[in-house]
Amino acid sequence: MSDDRRVAIVSGGSRGLGQAIVEDLLKQGMTVAAFSRSATRFTEERQAADPKGESFYWEAIDGSDFPRLGEFVRGVLRRYERVDALVNNMATMSEGLLALMRDADIHRQVAMNLEAAIYLTRACLKGMLPQAAGSIVNIASVNALRGHTGVAVYSATKAAMVGLTKSLAVEVGPGGIRVNCVAPGYFQSEMTSGFSDEQLARIARRTPLRRLGTVEDIVAAIRFFLSPQAAFITGQMIAVDGGFTS
Amino acid sequence: MDNLNETILAVVRGVVKEKNPELTAIRPDQLLVEDLGLRSLDLARIIAKLEVKLDVDPFAELVSITSIRTPGDLCAAYAKCFEDEEESAPPEESEPAATRSRPGLESQRELRKRARD
């Protein structure tokens, strides 16, 4: 199944931002391999439209099952014979005061948001290093840059993604691989769907550009980092937050 | 085993050649860093290429990466993977390692399990 199409792996690519990333990469003519814990209407429709998995491949994987992540990437390499891009998008958030948080909720956030990204990245490097080319985009959060009550563990994992980005960029840059990071601010998504109108209005008031972000705002930054226009950019983070953290 | 060694040395030679086109011949006893001018990322590239070709990674658990100083050390590390596998494989499957179909994830998982046990 090898051809000239570039191949991207997207973690958590079945709904919300992940779905939008997958759709955008497909629109750009890339082949996309994605996984998430469970199928969605989006993945089912995509698979039905492409039963041989020529441009879209999806598997059900729990991100905390680390050996499965390596197997997924090896499967992608066998199927498409290349991996050109990785978007570490998958994340989970359990809100609550750290003093009251259950062990399981701490563990799951660290496993899904950070450890899984590290294992997945390592597996993808096995495909990128032989090609001496590749681009990795890690999804962080404005919570990595500014403190908020109730998200200490989530913030810690997202700040770690920034550290991972910077050190790995230095490490694999000589191998032709770029590593960058996008830190979304509050944007209209499942994550903010539970916010009251008053909360949303307050966020917009505190944002210099006076609105919440959109999924397209975030996807545009990811598209840029993966594009040839960013060929000389690595180890960098763009906060897509309307100036919220300025 | 000769095929396996040839595969490994060809990959090392390819990476060395990219860095230093004048160095076309390599010996198993040459030092990867001092003699062949490779850096740790080059070694990572070699191992990544070999994992794609052979579908095994002896450094995941069986062998310490810090023990690798020469191409010969690399050959010994990969031979360890395939020796263990050949011991347990049925006779009809014991063709040369580099030419047979990839041992696959199940067998690597089994290797790792045995290494832990």
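The values are calculated or read from the model by the stated rules, or taken from the named source; none is laboratory data. All figures in this text were calculated on a predicted structure; none of them were measured in a lab. Using ideal geometry, Cβ is built from the backbone for each residue, glycine included, and neighbour counts are taken over all protein chains shown.
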query = Residues of segment B:21-43 being within 13 Å of B:VAL11 (Cα to Cα), touching a helix residue (DSSP H, G or I) at 6+ places or on another chain (Cβ under 6 Å) and within 11 Å of chain A (Cβ to nearest Cβ), which ones?
reply = B:ASP42
request  = Looking only at segment B:77-92, decide whether some residue is within 14 Å of chain A (Cβ to nearest Cβ), out of contact with any Pro (no Cβ under 9 Å at 6 or more places or on another chain) and either in a helix (DSSP H, G or I) or at pLDDT below 95 (or both).
outcome  = no
Hey, A:GLU81 in contact (Cβ under 8 Å) with a residue 24 or more places away in the chain, on the phi > 0 side of the Ramachandran plot and in contact with a Ser or Thr (Cβ under 8 Å, 6 or more places away or on another chain) or not = yes
query = Does any residue of segment A:83-96 turn out to be over 19 Å from the mean Cα position of the chain (by Cα) and under 30 Å from A:GLY147 (Cβ atoms)?
reply = yes
task = Please tell me if A:PHE232 is touching a residue at least 60 places away in the same chain (Cβ under 8 Å) and under 29 Å from B:VAL52 (Cα atoms).
result = no
ask   = Which of the residues that make up segment A:174-223 are of a type in the set (Ser, Thr, Tyr) and either part of a helix (DSSP H, G or I) or at pLDDT 95 or above (or both)?
value = A:THR192, A:THR207, A:THR214
remark   = Filtering segment A:182-230 down to residues that are surrounded by 14 or more Cβ atoms within 10 Å (Cβ to Cβ), more than 17 Å from A:ASN88 (Cβ to Cβ) and among the charged types (D, E, K, R) yields A:ARG211, A:ASP217
query = Within segment B:1-17, can one find any residue that is exposed (fewer than 14 other Cβ atoms within 10 Å of the Cβ), more than 12 Å from the chain's Cα centre (by Cα) and away from chain A (no Cβ under 14 Å)?
reply = yes
request  = Taking A:LEU120 as the residue in question, decide whether it is closer than 24 Å to A:LEU69 by Cα and either modelled with pLDDT of 95 or more or within 14 Å of chain B (Cβ to nearest Cβ) (or both).
outcome  = yes
message = Scan segment A:1-24 and tell me whether some residue there is modelled with pLDDT under 95, within 19 Å of A:GLY134 (Cβ to Cβ) and among the hydroxyl-bearing types (Ser, Thr, Tyr).
response = yes
Given (1) away from every other protein chain (no Cβ under 14 Å); (2) buried (at least 16 other Cβ atoms within 10 Å of the Cβ), number of the condition A:VAL73 does not satisfy = (1)
request  = With the condition kept exactly as written, say whether any residue in segment B:8-17 is modelled with pLDDT of 90 or more and over 29 Å from A:LEU168 (Cα atoms).
outcome  = no
query = Which of the residues that make up segment A:123-161 are within 14 Å of another protein chain (Cβ to nearest Cβ) and without any contact (Cβ under 8 Å) to a residue 24 or more places away in the chain?
reply = A:PRO130
